[in-house]
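For reference, the structure discussed in these notes is given below.
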Amino acid sequence: MSLSRISRKLDLSITTVSRALGGHSDVSSATRARVEAEALRIDYRPHEGARRLRRGRADAVGLILPTGIGRFDDPFFLRLLSAVGPALAEAGLDLLVSSAPPGDAELAAYRHMVEGRKVDAFLLARMRVRDARVDYLQNAAVPFVAHGRSSSKRPYAFVDTDGTQVVAQATSRLIGFGHRSIAFLAASGDLSFSIARESGWRQALTEAGLIATAIFQAEPTEAGGFDAMHALLCSVAPGDLQVSAVVCATDRMAVGVLHALAETGLRAGRDISVIGFDDHAFSTHTAPPLTTIAQPIEAAGRRMVAMLTQILAGADPETLFEIMSAQLIARASDGPAAEQSRIETTKGQTL
């Protein structure tokens, strides 16, 4: 049904009909009543895209996942999407999701959405210490809320988890179990969450008078964790002192570590303790169940949307931020240090 049909029926201009339905004050109450009655009679529904164009708003929020095209399999992203989608819908906003690998392609995706006026604002995930997305959006005066922090000189709205504090707690737990050589498996690159968690690991070791040198980097995936742990086990000469515990930057990396240990005949919680971070659903079903850190991903997503609606209503983004706490979940993949702290290995085989 079109505005022209109502226009012809009531012998009014299309402009008058449009302004009557839009609630403009320059249309008399009598004319507005006639137009609304006719629109109701013919079940007229305005074209939402046209209404958005007239308002100069898209009523949509963009979320470009920093990953390969179509690779939405990371549980972190899936949990974040499951929270922000319904929250945005409740606020009357659509969610436009895309993906792009970090770098030039990612910034091109942001420019495409901004210059095409496809969205009014953005939600950012997986922040980096030096994050070009923040600089671009701030310079373009496009509202956004981030999950995490960067080294940007200008403040911005964010929700984050206190990874430093809770990883320090987890590392202290291992020290209390008698572990003295505790490794940290960090995510590669300058991902903010990994650096914050590494800081907690260093803090706990330093406070206990231990040296924080056993750090390894890998992709924050199962394969990354497997390869890093496998390389560690294969690189040590027989009889050399080994790490007796590993703190991982993500649960996915921890799962890879568990598989690498199992492949060499070792068991987490008995031979080497393993702690993850995220508490994804699968962490209760690993062998053994994974000791991990539960971060409030869904609550963070909802809070991000609440902040974004405040910004769109005129709030100053520099005043909006929240750091949420996380909780250590004790399961079976960590425990007391083994009496024999020397794990004798050859290249890929246990003696």
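The values are calculated or read from the model by the stated rules, or taken from the named source; none is laboratory data. Only a predicted model underlies this, so the values are computations on that prediction, with no experimental measurement involved. Because the Cβ atoms are built from the backbone with ideal geometry, glycine has one as well, and the counts that use them run over all protein chains shown. To get the accessible areas, we keep the full protein, side chains included, count just its heavy atoms, and leave off ligands, DNA and RNA. Shrake-Rupley method; radii C 1.70, N 1.55, O 1.52, S 1.80 Å.
Being more than 21 Å from R180 (Cβ to Cβ) and either within 29 Å of the chain's Cα centre (by Cα) or basic (K, R) (or both) is true of T221.
In this entry, V27 passes the filter for residues that are modelled with pLDDT of 80 or more, part of a loop (DSSP other than H, G, I, E, B), surrounded by 19 or more Cβ atoms within 10 Å (Cβ to Cβ) and not charged (D, E, K, R). In the stretch 261-270, the count of residues that are under 27 Å from the mean Cα position of the chain (by Cα) and not hydroxyl-bearing (S, T, Y) is zero. Which residues, taken from the stretch 8-18, are assigned to a helix (DSSP H, G or I) and at pLDDT 80 or above? Hits for the stretch 8-18 are R8, K9, L10, T16. Can you tell me which residue within the stretch 107-136, out of those that are among the basic types (K, R) and touching a helix residue (DSSP H, G or I) at 6+ places or on another chain (Cβ under 7 Å), is nearest to R154 (Cα to Cα)? Ranking the qualifying residues of the stretch 107-136, first place goes to R133. Of the residues making up the stretch 122-129, not a single one is at pLDDT 95 or above and more than 15 Å from the chain's Cα centre (by Cα).
At least 3 residues being over 20 Å from I182 (Cβ atoms) and at pLDDT 95 or above is the threshold, and among the strands (runs of 3 or more DSSP E) wholly inside the stretch 282-351 those reaching it are 321-324.
Each residue in the stretch 267-281 was checked for being in a loop (DSSP other than H, G, I, E, B) and touching a residue at least 60 places away in the same chain (Cβ under 8 Å), and 5 of them qualify. Scanning the stretch 184-226 for residues being closer than 27 Å to D73 by Cα and among the hydrophobic types (A, V, I, L, M, F, W, C) gives a total of 13. Across the stretch 112-160, the qualifying residues are those that are of a type in the set (A, V, I, L, M, F, W, C), in a loop (DSSP other than H, G, I, E, B) and under 26 Å from P75 (Cβ atoms), and the one among them that is most open to solvent (accessible area, probe 1.4 Å) is V129. Taking the stretch 179-217 as the search range and keeping residues that are in contact (Cβ under 8 Å) with a residue 40 or more places away in the chain and open to solvent by 60 Å² or more (accessible area, probe 1.4 Å), which one is farthest from L124 (Cα to Cα)? Of everything passing the filter in the stretch 179-217, R180 is farthest from L124 (Cα to Cα). Of all residues in the stretch 245-276, those that are open to solvent by 20 Å² or more (accessible area, probe 1.4 Å) and small (G, A, S) total 3. Within the option set A109, A83, A168, A87, being of a type outside the set (V, I, T), part of a helix (DSSP H, G or I) and under 30 Å from A214 (Cα atoms) holds for one residue only, A168. Looking across the stretch 69-110, just one residue is modelled with pLDDT of 95 or more and among the basic types (K, R), and that is R79.
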